[in-house]
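Take a look at the structure set out below.
The values are calculated or read from the model by the stated rules, or taken from the named source; none is laboratory data. Since this is a predicted model, take the numbers as computed values, not measurements. Cβ coordinates were reconstructed from backbone atoms using ideal geometry, including for glycine residues, and neighbour counts include every protein chain displayed. We work out accessible area using only protein heavy atoms, side chains counted, and drop any ligands, DNA or RNA first. Shrake-Rupley method; radii C 1.70, N 1.55, O 1.52, S 1.80 Å.
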Amino acid sequence: MTIGVVGGGQLGRMIALAAAPLGIRCRFLEPGAGPPVAGLGEHIAAPYDEKDALDRFAEGLALVTYEFENVPVASAERLAARLAVYPPPRALQTAQDRLLEKDLARRLGIPTPPHRAVDDRVGLDAALAEIGLPAVLKTRRLGYDGKGQAVLRAPGDVEAAWAAIGGVPLILEGFVGFERELSVLSARGRGGETAFYPLVENRHREGILRVSRAPAPGVTPALQAEAEAYARAVMTELDYVGVVALELFEAGGRLLFNEMAPRVHNSGHWTIEGAETSQFENHVRAVAGLPLGTTAMRGQAAMANLIGTVPDPARVLAIPGAHLHLYGKAPRPGRKLGHVTVRGEDAAGVQGRLDQVLRLL
Ligand code: AMP
């Protein structure tokens with residue numbers, strides 16, 4: 001079986017590496033030259049919205065999935081007209097728009113930060129009057145790693161924020177004084193069966209994920225159950241197939257929905273070594289109609305992203321329990337070039353190994 005993957009970054013690379021032992025090949029549609037998936041499957045180098053390329057890409061595939069969420073919905077729909085596309089294009093459409101995804105969460109009874117749509121400068125004042133300060137102004141679409149957003153702390157910040165990101169559809173959110181950021185990775189198969197990974201704690205700097213800890217320290221069974229209930233509600237509503245990530249804020253013992261990613265996710269990379277079945281394998285199993293694998297953890301784990309530069313591999317690998325993943329990307333400031341996962345039997349052991357990794361970065 002050959003599955004099509006739209007996108008050819010590190011997520012596509014790790015999907016292909018998980019698919020291979022299952023006898024499943026991947027074909028990638030990715031406009032860039034020399035992408036991280038190079039050598040891991042057939043690569044069709046063309047823009048995501050080129051109709052001829054989409055048709056060539058689809059030829060003979062069992063199904064199509066994607067490894068990034070800004071695939072044009074029209075392209076996903078063109079593919080869906082001739083073969084199975086998982087997750088469904090509607091999930092893609094919802095996750096591409098911060099307003100649609102938060103409205104979906106609200107409809108499902110999942111708490112979110114207070115938010116209002118902002119379509120113009122007058123609308124921004126109206127939204128500020130309702131939400132108050134501090135607040136976060138974000139573009140509805142195409143924001144990632146903290147790009148396309150501005151924190152408004154005082155009335156004097158409003159003009160600069162508008163000048164920086166105004167002119168496109170926006171969303172204004174109340175600023176949440178959260179204790180920490182968590183995420184939950186979940187999978188849903190074609191028959192509606194589900195699997196959930198333990199809540200992960202995520203630390204960001206400059207809007208970029210730096211470290212994930214699994215399981216998130218101090219999570220109660222009730223909090224885990226709450227996260228799973230939210231993920232299940234989203235997946236059921238969207239008739240979802242594949243892995244989905246929900247990014248959450250923990251504030252005052254509650255979870256608030258921040259955003260969803262309709263794909264495998266950076267906060268789940270630890271599952272390659274740290275779980276019985278990785279998020280990548282479970283994504284492949286789900287879309288291919290195979291039974292989902294157990295998500296049980298193998299001890300505890302933490303992951304550190306390699307941003308902008310790569311440390312000496314030999315020094316990383318000299319750390320007990322450390323696993324190095326390089327994506328084959330040219331170094332550039334702020335770019336995710338790889339990650340290191342450390343495993344151990346308890347939180348203290350994992351922390352000690354993580355500290356050793358962090359000292360190399
Ligand atoms: P996002 O792209 O929406 O995930 O936002 C990037 C980061 O900005 C998040 O990981 C949070 O650290 C922060 N952030 C986003 N929305 C809010 C909010 N409503 N209140 C406080 N911090 C936020």
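Kirkwood radius and radius of gyration were both taken over the C-alpha atoms of the chain, and their ratio Rg/Rh is 0.96. Were the residues from Asp119 through Leu142 laid out at 0.36 nm apart, the gain over their Cα-Cα distance would be 6.7 nm. Multiplying the residue separation of Asp346 and Ala62 by 0.36 nm and subtracting their alpha-carbon distance yields 98.1 nm. Zone of Arg335 (label point 7 Å along Cα→Cβ, backbone N under 12 Å): which residues in region 281-316? The answer is 307-310, whose backbone nitrogens lie closer than 12 Å to the label point.
Think of a 1.4 Å ball rolled over the protein heavy atoms: the chain then has 40 Å² of accessible area per residue. Taking the Cα of Leu326, stepping 7 Å toward and past its beta carbon, and measuring to each backbone N in region 1-41: which are under 20 Å? Only 9-18, 33-41 fall inside the zone, counting backbone N under 20 Å.
Of the residues Tyr197, Tyr48, ranked by 1.4 Å probe accessible area with the largest first, the sequence reads Tyr48, Tyr197. Taking each DSSP H run with n ≥ 4 as -39500 (n - 2.57) and averaging over every residue of the chain yields -9000 deg cm²/dmol at 222 nm. Answer rounded, prolate or oblate for region 180-360, using the Cα gyration tensor with square roots of eigenvalues a ≥ b ≥ c: rounded when a/c is under 1.5, else prolate when a/b is larger than b/c, else oblate. It is prolate, given that a/c is not under 1.5 and a/b is the larger ratio.
Coupling constants for region 59-72 follow from the phi torsions by the Karplus curve (6.51 cos²θ - 1.76 cosθ + 1.60, θ = phi - 60°), and in residue order they are 3, x, 6, 6, 5, 10, 9, 9, 10, 8, 9, 9, 4, x Hz; glycine and proline get x.
The residues neighbouring Leu354, those whose beta-carbon lies less than 13 Å from its own, together hold a net charge of +3 under the Lys/Arg +1, Asp/Glu -1 convention. Subtracting the Cα-Cα distance of Ala45 and Ala318 from 0.36 nm times their residue separation leaves 94.5 nm of extension gain. If the cut-off is a Cα-Cα distance under 18 Å, which lysines reach Lys102, setting aside same-chain residues fewer than 8 apart in sequence? Lys102 reaches Lys138. Per-residue Karplus couplings for region 288-293, computed as 6.51 cos²θ - 1.76 cosθ + 1.60 with θ equal to phi - 60°, are listed in order as 7, x, 9, x, 6, x Hz, Gly and Pro entered as x.
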